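Student: My questions all concern the structure below.
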Amino acid sequence: MPASQAPTETRLPRAVMRIAADVQARIDAKNAARTGTETQDPPPAPAPVAASPAETPPAPTPPADPRESDPVYWKQRFNVTEGMLRKERADRVAAAAAMNQQIADLQEANRALQASKPAEPIDVAAFFTPADIEKYGEEQCQVMANAAQAAAAKSVTALRAEFDARLKPIADARKQEQTDAAARAVQDFVDKLVELVPNYAVIDKSQPWLDWLTQLDEPTQLIRQDILDNHVARRNAPAVARMFKDFEKSQTPPPAPPMTPHGGAASTPTPPAPTPPAGGDGQGAPTDAEVKDYYKRAAIGRVKDDERVKFEARMKLRGAR
């Protein structure tokens with residue numbers, strides 16, 4: 001460090017001192033270049049630049065669960081949920097049945113208690129005047145009042161039994177009418193369904209149809225089996241027929257694209273297969289009337305095994321047309 005100047009020393013202007021310092025620095029640089037000696041310190045390393053919040057790398061995204069795109073996983077979850085709901089429904093039905101049975105038992109016990117309850121003493125003053133009571137005595141009047149009341153109760157019981165006997169045929173007839181009306185509604189529903197979908201009985205027993213019913217209906221987000229049960233309960237044959245038609249469409253493969261002949265030459269059309277004879281004599285392909293009648297009788301169990309075999313063979317001829 002240079003010694004401080006004496007107070008009496010003449011101060012030079014700052015500009016002159018800066019120029020002198022620059023000249024001295026140049027001289028020192030030249031001397032260092034000649035001697036190979038480094039006179040200046042190396043430049044400081046640049047300070048690390050702190051990353052801005054915008055440049056902070058995003059957090060790694062957790063890997064997606066592969067089960068989300070696995071249909072087997074979701075089908076298993078659906079089966080588990082369906083089983084739980086079915087069990088809960090069965091438990092509720094059982095609980096309701098037990099409660100109804102308990103109510104019936106309590107009502108029967110109440111009737112038994114009412115029947116075994118001792119009769120209240122009769123107020124003889126309601127049947128006899130004070131003079132009669134004094135004449136016959138209170139005990140005798142009580143006996144006569146009890147006898148009169150027992151006779152009246154017996155007469156009422158007999159009248160009630162006769163009334164019930166007369167009403168029973170009417171009640172039975174009304175019940176039979178309701179049963180017949182329900183049977184007619186079912187038969188009308190089956191007839192209409194056979195008219196719309198003649199082979200519904202065969203489709204209804206096929207495994208692809210049963211599997212299709214367990215799947216979810218996209219427009220309504222409901223299980224198809226629940227939708228079908230609702231339509232059947234309301235005897236809505238057109239709605240049930242639409243479900244059969246939708247199933248058949250889902251099972252039909254898309255048509256193959258037309259083949260373009262090579263070289264631009266028109267291909268020779270293939271002659272159609274000969275149409276098997278059709279008629280109502282039990283030979284050849286069945287007519288529409290025969291198909292309708294067959295499936296109608298099959299729905300109510302009036303088709304024998306040998307007839308079923310023959311009819312299925314004839315149906316194959318119908319499909320070849």
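Student: Failed condition for Trp74, given (1) within 27 Å of Ala153 (Cα to Cα); (2) at pLDDT 75 or above, with all others met?
Tutor: Status for Trp74: all satisfied but (1).
Student: Let me ask another. Which one is surrounded by the most Cβ atoms within 10 Å (Cβ to Cβ) among residues in the stretch 291-301 that are over 14 Å from Gln187 (Cα atoms) and touching a Lys or Arg at 6+ places or on another chain (Cβ under 9 Å)?
Tutor: The extreme case among them is Tyr294.
Student: Related question: Can you report the number of residues in the stretch 194-222 which are out of contact with any strand residue (DSSP E or B) (no Cβ under 9 Å at 6 or more places or on another chain), more than 10 Å from Tyr295 (Cα to Cα) and of a type in the set (A, V, I, L, M, F, W, C)?
Tutor: 5
Student: Can you name every residue in the stretch 130-153 that is acidic (Asp, Glu) and exposed (fewer than 11 other Cβ atoms within 10 Å of the Cβ)?
Tutor: Within the stretch 130-153, Glu139 is the sole residue that qualifies.
Student: Grab the helices (runs of 4 or more DSSP H) fully contained in the stretch 165-242, keeping just those with 2 or more residues being more than 18 Å from the chain's Cα centre (by Cα) and at negative phi.
Tutor: 200-204, 207-213
Student: Now for a separate question. Taking interchain pairs and intrachain pairs at least six residues apart, which have beta carbon atoms under 9 angstrom, with the first residue in the stretch 107-124 and within 26 Å of Cys141 (Cα to Cα) and among the acidic types (Asp, Glu) and the second surrounded by 10 or more Cβ atoms within 10 Å (Cβ to Cβ) and at pLDDT 70 or above?
Tutor: Once the first residue is within 26 Å of Cys141 (Cα to Cα) and among the acidic types (Asp, Glu) and sits in the stretch 107-124, its partners that are surrounded by 10 or more Cβ atoms within 10 Å (Cβ to Cβ) and at pLDDT 70 or above give Asp123/Ala145.
Student: Inside the stretch 299-311, can you point out the residues that are among the aliphatic types (A, V, I, L, M) and at pLDDT 80 or above?
Tutor: Val303, Val309
Student: When you go through Thr287, Thr268, Thr275 one by one, which is the residue that is of a type in the set (S, T, N, Q), modelled with pLDDT of 80 or more and over 18 Å from Ile203 (Cβ atoms)?
Tutor: So the residue among Thr287, Thr268, Thr275 that is of a type in the set (S, T, N, Q), modelled with pLDDT of 80 or more and over 18 Å from Ile203 (Cβ atoms) is Thr287.
Student: Please find, among Arg86, Arg67, Arg77, the residue that is within 23 Å of Asp211 (Cα to Cα) and touching a helix residue (DSSP H, G or I) at 6+ places or on another chain (Cβ under 7 Å).
Tutor: One residue alone meets the criteria, Arg67.
Student: Before we move on, is Ala145 in contact (Cβ under 8 Å) with a residue 12 or more places away in the chain and touching a Phe, Trp or Tyr at 6+ places or on another chain (Cβ under 6 Å)?
Tutor: Yes, satisfied.
Student: Look at the stretch 168-207 and say how many of its residues are under 30 Å from Arg77 (Cβ atoms) and either loosely packed, with under 11 Cβ neighbours inside 10 Å or among the β-branched types (Val, Ile, Thr) (or both).
Tutor: Counting residues in the stretch 168-207 that are under 30 Å from Arg77 (Cβ atoms) and either loosely packed, with under 11 Cβ neighbours inside 10 Å or among the β-branched types (Val, Ile, Thr) (or both) gives 3.
The values are calculated or read from the model by the stated rules, or taken from the named source; none is laboratory data. Here the structure is a predicted model, which is why all the values come from computation and not from measurement. Because the Cβ atoms are built from the backbone with ideal geometry, glycine has one as well, and the counts that use them run over all protein chains shown.
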